[in-house]
Every structure is written in structure tokens, then in C-alpha cells.
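**Student:** So that we are looking at the same thing, I have put the structure below in C-alpha cells.
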Amino acid sequence: MKRLPLAAALAVAFAAASLATSAPAQQVTSAHDAAEIDQLLEQEQRVDNFYRAYFPDTETGHKAAVTFHEQLMESNWKGGYLVLQLNDEDIAKLKAFKFRVVKDEAFTAKHEAMVKRLRAAGAPNMFGASGAQLATQRLESGESIPNYPCYETVEETFAAAKGFTTTYPKLATWTPVGESWEKTQGTGGYDMAVLKLTNKDTTGPNGEAKPKLFINAGMHAREYATAPLVLAFAKQLLTGYGKDADSTWILDHHEVHLMLQTNPDGRKKAEGGLMWRKNTNKNYCGANSNSRGADLNRNFSYTWNITHGQGSSGNACDETYRGPSAHSEPETQAVEAYARSIWADRRGPNQGDAAPAETSGIHLDVHSYSELVLWPWGHVKQVAPNGVAMQTLGRKLAYFNGYTPEQSIGLYPTDGTSDDVSYGELGVAGMTFEIGTSFFQSCTSYENTIKPKNLAALMYMAKVLRTPYLTPAGPDVTKLKLSTNGVPAGTPVTLTATVTDTRYNNSKGTEPTQNIAGAEAYLDVPPWMPGATPLVLGPKDGAFDTKTELASATLSTTGLSKGKHLVYVRGKDAAGNQGAVSAVFLKIQ
């Protein structure tokens, strides 16, 4: 069995001292708990199996980051190595892929110094504060998680989501969809819930259902930045409604479904600084074990244990323990049931059956870290039946966040992962983001880089979910402008737009691109709705003959009512691919 990192080894002992939902904020660690924690710290201080694994090339390094994700301590892509906690078997596996593996004395010394500081603090958690000190820090600083004020706790996340339904009653709904493991046992825990965002007064074409984006976050508890990112996405859409044209049309014509905390019990452990990954099921590895629980991202149905032990562990104490059976965990059951409730099955029963190209919907599972955009399959190297289209989508999304886009197969396969139900079973495009460079990502890095870049990627995803296997192959509309705004009806307005087929991340292969062939605008009625009338934009330089073009047209405002009107614009390339819609508000006085 693999030796776990510090906080995973201390998980159970700290659980009694952490600020769990059922504990008062002023809870003080008992002398017995303190002694137990100090004993574990003394053992941890002797841990020294940290190694630098120098990869032969970046691609192989990325695959190792996927395969050894639960053992990854640090990544240094510029330096050409990963810091991993390894046993002899792991080292042999890496060497077979031409990794150079050397003891990381610097990291070991840093780890030892950290443990010494923790012991000196007296019954501390990972932030260097005892239970009482942690409570005091929270009360005095106003921070949700000490030293990480940018991240909401489970309770704050749920409160914010519920608050949206009050502030935006026509746009937001908060719906319980299941229970966490602890809730099912009557020992605390949480309701599993989904925040649904859409304009409740609109429908799809001819009254049909709207296309749906489903995002879940926080499946692995220690991945701090994931749930806050998705909550920030919700806030951006809601606060932008009626002000930002793209946020407005997305909520008018699409649905966004957000499971903000997929593993709330485990997340509560991680909020105390523990490197907790799994859920908190006490039936696995012993009720008082420091390694209990199941890895929810190895517990999904479609490929559960399909690799017969290569892609997940049958050892209940391992970080990738898959559970005793497929979808055995209530958290996994909630995700699967919800996905089936919002999407019809569009894919055949065989692994080689493709979903129809026009299949709508996207499922995104947000994790950290490694700076990757991933898509199925993860259990075989074979390209998925819709794999080429998901690759195009992945490369487009990676243009915005700057991550490496690749199929989710590592050095070895993984099985039982979250895209099982969405893509494997239902044929819906299934994607994964591995955001950032650390589990406990600094707020500076999160606020300045991770959040803005990934919000841009999420906005693009929300635009193309009507036909995610088709639209990403088309060009994007950027720099959309009106010559004047806030004009009386009858005033001609010039619309200009840059249309480009070049916005792909080509760090893992080159996406085919074409010259621009045209662009069109639609006033108030988008192109997929009955009654939509296109206005053709012409090339500013006289011909559409390059991969990036400036196009324009004159909008007639005669007869328009006072107020805001949406102008939708999309481009087309020489291969006939229609790209994502972008919009701008036209204001009539």
C-alpha cells in the first residue's frame, strides 16, 4: 500500500478537531486528540519517499501527472520534473517509461521542517493552528478558510447558491438531488444539490427543451479552487444578465446546471488543511482508519473496474479505491441520476458506437491540478467514437485557459471516472479540467490567473453546448462593435466584427483551420429559432480569403422599440463550419 502524504495520514485524528458542520466554532482539541496527533506527526516526520521524476518529454510528463495524480506533490514543467511520493513499484513503472528518478532532498527537508512546525504548534492542522487557534483566526480575520479568503466553505457555497435564487428568482433554482454519505448515516453530512441557471420564461425552438451544460466540482475534496471557480461562473452569468449580451443570451436559450460540491463531507475535512481526496465512508479501510472512503472518480458505472485493477485500486485503503461495486457511493449515485434526468441516451450500447454529430449538451468535471483539458477515453488508448470532435472542443477550450489538451489516458488507464455516465452511457460530450498547479492553490494565483482564464473557457463552453461536436470546428467572432449606440429608431448603425478560425491550442497536435467564408448577423432572434433572418456581413477588404477577416454590415433600426436589442453574430469557414455566436446589445432611445 502506498504511504500517504502528511494530511491524509492525519485525517481521522484531525477530523475530531476540525471545524466540521456539526461542531461549534470554538471547539478545542482534547488532550487525548492532541497526543494522538503528535504521535502521527512523529511518524510522519520520518517519511522521506519523495522523488523528482524527470520526464523524457513533456507529453510523457503530462501522462504521468494523470496516472500518478494522487501522489503528485509538485509539478515543475519548465524544470522538466514532477515531485512524487513513490514506492519501489512506482519507481520501476516510471523508469520503464524512461523517467530519471532521484531522491528529492530539498522537498524532503521542506516536508520535515513543516512537520516540526506543526508539532511545535501543538495539535495543529495544516495551516499551523490548533483547533482553538483556527477558530480564533476565522472569527478575527473574517476569512472562511484561514490564509485562503478567496475560497468559500461548503456552507458558504450553499448559502451563496440559495441566495442567488432569492436575488434572481426568474433565473436561478436550487434543487436537492441526493445526500452525502454522512447524511445517509444520520451523522451530519449534507444534501447534494444543483444550482440551475436559465431564464424560466423562455423555451427552445418550438417549445423544445433547451440544451444543457452540467458542471460538477469538488469531487476530490482537497482541490480547493474547483468549487469557487464554478460558483464564480454562476455569479458572472447572473450578474451579467441584462448587462452583458453573451451572459444574457446564454441564460435565455441554454441551461447551466452546477453541482458545486460533489463531495461535501470530504471537502469539510480538507477545509481544515487535510489532503483529503475520497469521500468519508467509514465502511472502507476501517471506521477509524486514516485512509477511509472511496475515490468517487473511480466509482462510476460504465467503466467500473473495466481494466481489472490497472485503472483503480481494490485496496480500500488506497487513494484510488473504487468501492466494492459500481456506483456504490451516494455521491456517485447523485451525479449519475442527475445526468440521466437531464439528457436522453444518444449513444448505442457498444464502445464503438458514436453519438449523432448534432447531439447537444456538455458535462464538465472540474478538478485540480495539472493544467490539462481532458476528454474520453481514459480506460483505453483507442480514440472514442466522438473523440475527434471532443479533441476539437478541447483544443478550443484550451485556447482560453492555456492548458494542454489531450485524451485522458495516462501512462496507464483509469476507469470508473465521471464521464462514464455522460459520454460512455449517454453520448454527451464529457470533458475534464485539471485547473492550476496546486491542491491548495494560493489566492493570488487563483484570482489573477486561474479564475479569469477558466471563466473565459467556461463562457465559450456555455456558448457551444447546443452542438458541441460541430460548432467548435467553426470560427469565432471577436471585437464585435457598433459604430454608435443609444440611437433613435431609424438611425443606421454599422456593425463590425473580427472573424477568425485560428483560436485553438495546438500544443498537442495541430487543429485543421480554414479561410473565413462569411459572417451573418441576426437581430433579436438567434439563428436556431423560428423566424430568424440573417443579415450578411461583407469583407472589409473586399474578399474573404484569409483565416482572420474583418467584416461589417449596416443595421436598419427602423421600427425597433425603445430599449435593448440583441444582435447575434456568427462566422463560417471555407469547410462550411458555423462557429459560436457572440452578441452585442443595440440600444434604442
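The values are calculated or read from the model by the stated rules, or taken from the named source; none is laboratory data. Since the model is a prediction, treat every value here as computed from it, not as a measurement. FYI the Cβ positions are ideal-geometry reconstructions off the backbone, even for glycines, and counts take in every protein chain you see. Ligands, DNA and RNA are stripped out before the accessible areas are found, and what is left, the full protein with its side chains, is counted by its heavy atoms. Shrake-Rupley method; radii C 1.70, N 1.55, O 1.52, S 1.80 Å.
**Student:** Taking the criterion of being of a type in the set (Ser, Thr, Tyr) and either under 18 Å from the mean Cα position of the chain (by Cα) or in a loop (DSSP other than H, G, I, E, B) (or both), would at least one residue in segment 264-282 satisfy it?
**Tutor:** Yes, some residue in segment 264-282 is of a type in the set (Ser, Thr, Tyr) and either under 18 Å from the mean Cα position of the chain (by Cα) or in a loop (DSSP other than H, G, I, E, B) (or both).
**Student:** Among the residues of segment 446-472, write down those that are open to solvent by 30 Å² or more (accessible area, probe 1.4 Å), assigned to a helix (DSSP H, G or I) and of a type outside the set (Ser, Thr, Tyr).
**Tutor:** Selection gives GLU447, ASN448, LYS451, PRO452, LYS453, ALA456, LYS463.
**Student:** Condition first: of a type in the set (D, E, K, R) and touching a Leu at 6+ places or on another chain (Cβ under 7 Å). Now tell me which residues in segment 424-477 satisfy that.
**Tutor:** Answer for segment 424-477, where residues must be of a type in the set (D, E, K, R) and touching a Leu at 6+ places or on another chain (Cβ under 7 Å): GLU434, LYS451.
**Student:** Here's something else I'd like to know. Collect the residues in segment 309-320 that are in contact with a strand residue (DSSP E or B) (Cβ under 7 Å, 6 or more places away or on another chain) and either open to solvent by 20 Å² or more (accessible area, probe 1.4 Å) or part of a loop (DSSP other than H, G, I, E, B) (or both), keeping them in residue-number order.
**Tutor:** ASN315, THR320
**Student:** List the residue pairs whose Cβ atoms are under 8 Å apart, where the first residue sits in segment 510-530 and is closer than 15 Å to ASP252 by Cβ and among the hydroxyl-bearing types (Ser, Thr, Tyr), the second is surrounded by 19 or more Cβ atoms within 10 Å (Cβ to Cβ) and modelled with pLDDT of 95 or more, and the two are 6 or more positions apart or on different chains.
**Tutor:** Filtered contacts from segment 510-530: TYR522/VAL567; TYR522/TYR568; TYR522/VAL569.
**Student:** For segment 273-288: of the residues being crowded, with 24+ Cβ neighbours inside 10 Å and in contact (Cβ under 8 Å) with a residue 60 or more places away in the chain, which is farthest from GLU329 (Cα to Cα)?
**Tutor:** Per the criteria, the residue is GLY273.
Conditions (1) at pLDDT below 90; (2) more than 21 Å from SER368 (Cα to Cα); (3) assigned to a loop (DSSP other than H, G, I, E, B); (4) not small (Gly, Ala, Ser), marked per residue:
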position: LEU84; (1), (2), (3), (4): no, no, no, yes
position: ALA92; (1), (2), (3), (4): no, yes, no, no
position: PHE107; (1), (2), (3), (4): yes, no, no, yes
position: ARG117; (1), (2), (3), (4): yes, yes, no, yes
position: GLY128; (1), (2), (3), (4): yes, yes, yes, no
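**Student:** Taking the options ALA287, ALA232, ALA294, name whichever one is small (Gly, Ala, Ser) and at pLDDT below 95.
**Tutor:** ALA287
**Student:** Among the residues of segment 498-509, are any out of contact with any Pro (no Cβ under 8 Å at 6 or more places or on another chain), touching a residue at least 12 places away in the same chain (Cβ under 8 Å), among the aliphatic types (A, V, I, L, M) and closer than 30 Å to ILE215 by Cβ?
**Tutor:** Checking segment 498-509: not a single residue is out of contact with any Pro (no Cβ under 8 Å at 6 or more places or on another chain), touching a residue at least 12 places away in the same chain (Cβ under 8 Å), among the aliphatic types (A, V, I, L, M) and closer than 30 Å to ILE215 by Cβ.
**Student:** From the list VAL421, VAL383, VAL388, VAL373, which one is open to solvent by less than 10 Å² (accessible area, probe 1.4 Å) and either more than 18 Å from the chain's Cα centre (by Cα) or farther than 28 Å from PHE97 by Cβ (or both)?
**Tutor:** Residue meeting the stated conditions: VAL421.
**Student:** Taking segment 551-583, which residues are out of contact with any Phe, Trp or Tyr (no Cβ under 9 Å at 6 or more places or on another chain), of a type outside the set (Val, Ile, Thr) and farther than 23 Å from MET459 by Cβ?
**Tutor:** Passing the criteria: SER552, ALA553, LEU555, SER556, GLY559, LEU560, SER561, LYS562, GLY563, ALA575, GLY576.
**Student:** Out of segment 324-357, which residues are touching a Phe, Trp or Tyr at 6+ places or on another chain (Cβ under 8 Å), over 22 Å from GLY189 (Cβ atoms) and charged (D, E, K, R)?
**Tutor:** Passing the criteria: only ARG347.
**Student:** If you don't mind, another one. What are the residues in segment 427-438 that are open to solvent by less than 10 Å² (accessible area, probe 1.4 Å) and part of a loop (DSSP other than H, G, I, E, B), if any?
**Tutor:** Selection gives GLY427, VAL428, ILE435, GLY436.
**Student:** Free of Cβ contacts under 8 Å to residues at least 40 places away in the same chain and more than 24 Å from the chain's Cα centre (by Cα): does that describe THR484?
**Tutor:** yes
**Student:** Further, regarding this structure: Between a residue in segment 80-103 that is open to solvent by 60 Å² or more (accessible area, probe 1.4 Å) and any residue that is modelled with pLDDT of 95 or more and among the small types (Gly, Ala, Ser), which pairs come within a Cβ distance under 8 Å, given they are 6 or more apart or on different chains?
**Tutor:** Pairs that qualify, where the first residue is open to solvent by 60 Å² or more (accessible area, probe 1.4 Å) and the partner is modelled with pLDDT of 95 or more and among the small types (Gly, Ala, Ser), are ARG100/ALA53.
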